[in-house]
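Structure record follows, encoded as structure tokens.
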Amino acid sequence: MQQSAQTRPQHAVTHDAMQSFSNATDPRLAEVMGLLVKHLHAFVAESNLTKAEWLKGLEFLTEAAKITSDERNEFSLFSDIMGISSMVDVVSQPPGGTSSSVLGPFHNHDSHTQPNGCDLTQGQPGDRVWLHGRVLDIHQKPIPNAEIDFWQNADNGLYPAQDPAQDPQNLRCKISCDPNGSFSLLTIRPHPYTVPTDGPVGALLAHSNRSIWRPSHFHIIVSAPGYVGLVTELFPSGSDYIDNDTVFGVRPGLIVDIKPCHDEQVAQRYGLTTPVNEVNFDFCLVKKN
Ligand SMILES: [Fe+2]
């Protein structure tokens, strides 16, 4: 006599559910879905998940779907605060290069290309910071004509997508590095900010007595033909929340000092007086296989 699903051993249910994906056309889909089933089933068994808790989980996902739009993705935020986004960064990182970090929700593919050395500050409030460096390969050789894609928040802690008073292109740009792999730009000191709290993820953070803050950071994507692209962030040392980033994006190698620069030529170029706040950071890219 065939056993009902309720009376079958747990491992048989897990086995059957894993097997149900084994005929996927894409073998990687079969592998990933099989492992996902295996670990989700183990979570249900180990936590003795109740029906009420399972329903609460479904309710959470339903609420996340309701609040998700083209401008706002609650599932992406959930991935971030669970540390999943950071785990994907860590396990997919090729060895030898600069550490990657989370992309975050405010990247804009349409950032305008600006001249190398550009001034992004345009009279707005904020401590001026001269950010510069080079793009190198793992042998410390410059990669000519690499591209930098840069964005950050304004002095009020907001990104243009959150603040209609800002130009959509404020404090963001793309820059082509020079033949020596060098880049520079003038920006402002970024500020800590909170992740969105008006959805189910915000409620979860509140119920969990968790911080909603991210430390201050510059966002940077570095790319060059023939090299693995790098999505990363630079975190000024001493920022609030640097030891308690709610999306787990901080890596030791990405913490930078904002130092005083006494180069008169740099100060003159931007109409500043010395010392100028300076961040000097070299990015290292790994060749594609
Ligand atoms: Fe950010």
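The values are calculated or read from the model by the stated rules, or taken from the named source; none is laboratory data. In this text the structure is predicted, and so the values were computed from the model without any measurement. With ideal geometry, Cβ positions are generated from the backbone for all residues, glycine too; neighbour counts draw on all protein chains shown. For accessibility, only protein heavy atoms count, side chains too; no ligands or nucleic acids. Shrake-Rupley method; radii C 1.70, N 1.55, O 1.52, S 1.80 Å.
Taking segment 107-116 as the range and being among the polar types (S, T, N, Q) and part of a loop (DSSP other than H, G, I, E, B) as the test, the residues that pass are ASN108, SER111, GLN114, ASN116. Look at (1) within 13 Å of the ligand (Cβ to nearest atom); (2) open to solvent by 40 Å² or more (accessible area, probe 1.4 Å); (3) farther than 20 Å from GLY133 by Cβ; (4) touching a residue at least 60 places away in the same chain (Cβ under 8 Å) and you find that PRO168 fails only one, number (1). Going by what's in this entry, would HIS139 be described as at pLDDT 95 or above and open to solvent by 30 Å² or more (accessible area, probe 1.4 Å)? Here the answer is yes, as HIS139 does meet what is asked.
Taken over segment 74-106, the residue count meeting the criterion of being assigned to a loop (DSSP other than H, G, I, E, B) and within 14 Å of the ligand (Cβ to nearest atom) is 6. Residues in segment 117-165 that are assigned to a loop (DSSP other than H, G, I, E, B), among the charged types (D, E, K, R) and within 16 Å of the ligand (Cβ to nearest atom): how many? Matching residues across segment 117-165 total 2.
All conditions but one from (1) open to solvent by less than 70 Å² (accessible area, probe 1.4 Å); (2) under 15 Å from the mean Cα position of the chain (by Cα); (3) modelled with pLDDT of 95 or more apply to MET82; the one that does not is (1). Selection within segment 202-244: residues that are within 16 Å of the ligand (Cβ to nearest atom) and in contact with a helix residue (DSSP H, G or I) (Cβ under 7 Å, 6 or more places away or on another chain). The member of this set that is most open to solvent (accessible area, probe 1.4 Å) is ILE212. Number of residues in segment 171-196 that are within 16 Å of the ligand (Cβ to nearest atom) and under 20 Å from GLU147 (Cβ atoms) equals 4.
Please tell me if VAL201 is over 22 Å from SER99 (Cα atoms), among the aliphatic types (A, V, I, L, M) and out of contact with any Lys or Arg (no Cβ under 8 Å at 6 or more places or on another chain). Against the criterion (over 22 Å from SER99 (Cα atoms), among the aliphatic types (A, V, I, L, M) and out of contact with any Lys or Arg (no Cβ under 8 Å at 6 or more places or on another chain)), VAL201 qualifies.
When each of GLY104, GLY123, GLY96, GLY117 is tested for being more than 17 Å from the chain's Cα centre (by Cα), surrounded by 14 or more Cβ atoms within 10 Å (Cβ to Cβ) and on the phi > 0 side of the Ramachandran plot, the lone residue that passes is GLY117.
Filtered by the rule that a residue be closer than 23 Å to MET82 by Cβ and within 20 Å of the chain's Cα centre (by Cα), segment 162-198 gives GLN162, PRO192, TYR193, THR194, VAL195, PRO196, THR197.
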